[in-house]
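What follows is one structure encoded as structure tokens, with my remarks underneath.
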Amino acid sequence: MAQPRPFLTLYGQKLSWYSTKVRAYLLYKGIDFFEQSPTLIDYYWTIRRRCGDPAIPVVVTAQGEWLQDSSIIIERLEELHPQPAVLPASPLQRFVAQLIELWADEFWHVAAVHTRWSYPEQNYPLWEAEMGRGFAPGWPGFVQCGLSAIPKKMMLDYLPLMGIVKEQLPLIDRWLELQLDALDAHFATLPYLFGSRPSIADFALFGPLDGHIYRDVSSRGPLIDRRPNLHAWIQRLSVRKPQPWPGEFLADDRLPQTLGPLLRSIFDEMTPYLEGVLREVRVLLPTLKPGQRLPRTTKEIHFPYAGGSQFRMGLPYTLWMTQRTLDDLRRMPAADADRVGAAVTAMGGERLLALDIPRLRRVGLHAAPDTN
Ligand SMILES: N[C@@H](CCC(=O)N[C@@H](CS)C(=O)NCC(=O)O)C(=O)O
């Protein structure tokens, strides 16, 4: 792209989890944009050089600013387009919305990678076609298919490292059923997670739920179609400026009771996983040369999951994102931070609040020590 367009460009794909998150945000905010699938050169050369790692989504603003990482993209666009805000202003809702964003972005990996990649016959053809057409537009099908084999191999190599192995599949399916039932029950009472306005948490959850589970042939029918309230939420987030717009977050900093099961997973399942990543990162940090990033992945971590035990490699990036959420809490006025701390502790979040993360910065999809 030689000249920036006079409106925003989203490098993304329909079947891409995090592009789906950003697209839903743009549609809700009514921000004009053009979505472009990255070519092979965009992906492995331009995006890597401009942003740090070959990954989508990437946004190029009308002013020519390149942004990578869905959370950073939304944070920056909120500065440029503050109304209607997608982060609640009241402290407890604000913190919990960011926690759910973290959970959706980082803890749904096992489940939503499984639903796509464990079903080759149903799901791969669509994915290969979108990837290949984007990588080499206008080239013959066999070339497109050959090129999509590069990222496909990367994903397939990840499966055993994510604990997506035959023996674990019943547990992963059970986890999914529990979460989807809880979400369906929630959306029976409210249009979005915190009221009649979608928040950052809704957009984040929409990533795995629409970008993977709803769009994949193998999971749409059995997992989404038979949950009408969840289905309706997906429809609401799929259109430009869903009604009612802009909507409101619940008054008086109230948390809906129906978010209870999500918070249980955050405090009882994700937190032990984060503690495991932290242990591994503490081992890795002293081995780094000056200026070096942490490796993208760590050794295997075991954590509670749907009443059983799941394992996966850790992502140091996830700790950076956790730190970002805890930093926001620490920057609140003392009275607000104390009230949120007490409420989160009462809900079982003490260990999450106690995470003592060495200062990290984000470089592409990696974390690195923050020496400033
Ligand atoms: N934390 C990033 C994750 C982005 C991401 O993992 N994107 C996927 C596509 S949905 C990708 O390009 N992955 C390439 C890779 O993991 O190397 C975000 O929020 O944008």
> Are any residues in the stretch 329-352 touching a Ser or Thr at 6+ places or on another chain (Cβ under 8 Å) and surrounded by fewer than 16 Cβ atoms within 10 Å (Cβ to Cβ), and if so, which ones?
Replying inline: 351
>> Suppose the filter is of a type in the set (A, V, I, L, M, F, W, C), free of Cβ contacts under 8 Å to residues at least 60 places away in the same chain and either away from the ligand (no atom under 14 Å from the Cβ) or open to solvent by less than 70 Å² (accessible area, probe 1.4 Å) (or both); does residue 326 pass it?
In response: yes
> Got a sec? Which of 273, 317 is assigned by TED's automatic domain parsing to the domain that holds residue 98, under 30 Å from residue 190 (Cβ atoms), under 19 Å from the mean Cα position of the chain (by Cα) and surrounded by 20 or more Cβ atoms within 10 Å (Cβ to Cβ)?
Replying inline: 273
>> Take the residues in the stretch 1-24 that are away from the ligand (no atom under 12 Å from the Cβ), of a type outside the set (S, T, N, Q) and not in a strand (DSSP E or B); name whichever of them is nearest to residue 151 (Cα to Cα).
In response: 1
>> All but one of (1) among the polar types (S, T, N, Q); (2) surrounded by fewer than 19 Cβ atoms within 10 Å (Cβ to Cβ); (3) touching a Leu at 6+ places or on another chain (Cβ under 8 Å) hold for residue 93; state the number of the condition that does not hold.
In response: (2)
>> Here is a list: 66, 45. Which entry is in contact with a strand residue (DSSP E or B) (Cβ under 6 Å, 6 or more places away or on another chain) and open to solvent by 40 Å² or more (accessible area, probe 1.4 Å)?
In response: 66
>> Looking at the stretch 341-363 only, could you name the residues that are free of Cβ contacts under 8 Å to residues at least 40 places away in the same chain and under 22 Å from the mean Cα position of the chain (by Cα)?
In response: 353, 359
> Which residue, of 199, 218, 238, is more than 16 Å from residue 106 (Cβ to Cβ) and either open to solvent by 30 Å² or more (accessible area, probe 1.4 Å) or of a type in the set (Asp, Glu) (or both)?
Replying inline: 238
>> Against the conditions (1) open to solvent by 30 Å² or more (accessible area, probe 1.4 Å); (2) assigned by TED's automatic domain parsing to the domain that holds residue 223, where does residue 182 fall short? Just the number, please.
In response: (1)
> Which ones in the stretch 112-158 are of a type in the set (A, V, I, L, M) and more than 21 Å from residue 20 (Cβ to Cβ)?
Replying inline: 136, 143, 147, 149, 150, 156
> Residues in the stretch 1-27 that are at pLDDT 95 or above and farther than 25 Å from residue 139 by Cβ: how many?
Replying inline: 11
> residue 104 is checked against (1) over 21 Å from residue 13 (Cα atoms); (2) assigned by TED's automatic domain parsing to the domain that holds residue 199; (3) of a type outside the set (Asp, Glu) and fails just one. What number does that condition carry?
Replying inline: (1)
> Is there a residue being crowded, with 19+ Cβ neighbours inside 10 Å and in contact (Cβ under 8 Å) with a residue 40 or more places away in the chain anywhere in the stretch 294-303?
Replying inline: yes
> If you take the residues in the stretch 117-135 that are part of a helix (DSSP H, G or I) and among the aromatic types (Phe, Trp, Tyr), which one is surrounded by the fewest Cβ atoms within 10 Å (Cβ to Cβ)?
Replying inline: 124
>> Need pairs with beta-carbon distance below 6 Å; first residue among the hydroxyl-bearing types (Ser, Thr, Tyr) and within the stretch 79-106, second surrounded by fewer than 22 Cβ atoms within 10 Å (Cβ to Cβ); sequence gap 6+ or separate chains.
In response: 90/253
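The values are calculated or read from the model by the stated rules, or taken from the named source; none is laboratory data. Treat the numbers as computed from the prediction; the structure is a model and nothing was measured. Please note: Cβ atoms are built from the backbone with ideal geometry, for glycine as well, and neighbour counts cover all protein chains shown. Ligands, DNA and RNA are excluded from the accessible area calculation, which covers all protein heavy atoms including side chains. Shrake-Rupley method; radii C 1.70, N 1.55, O 1.52, S 1.80 Å.
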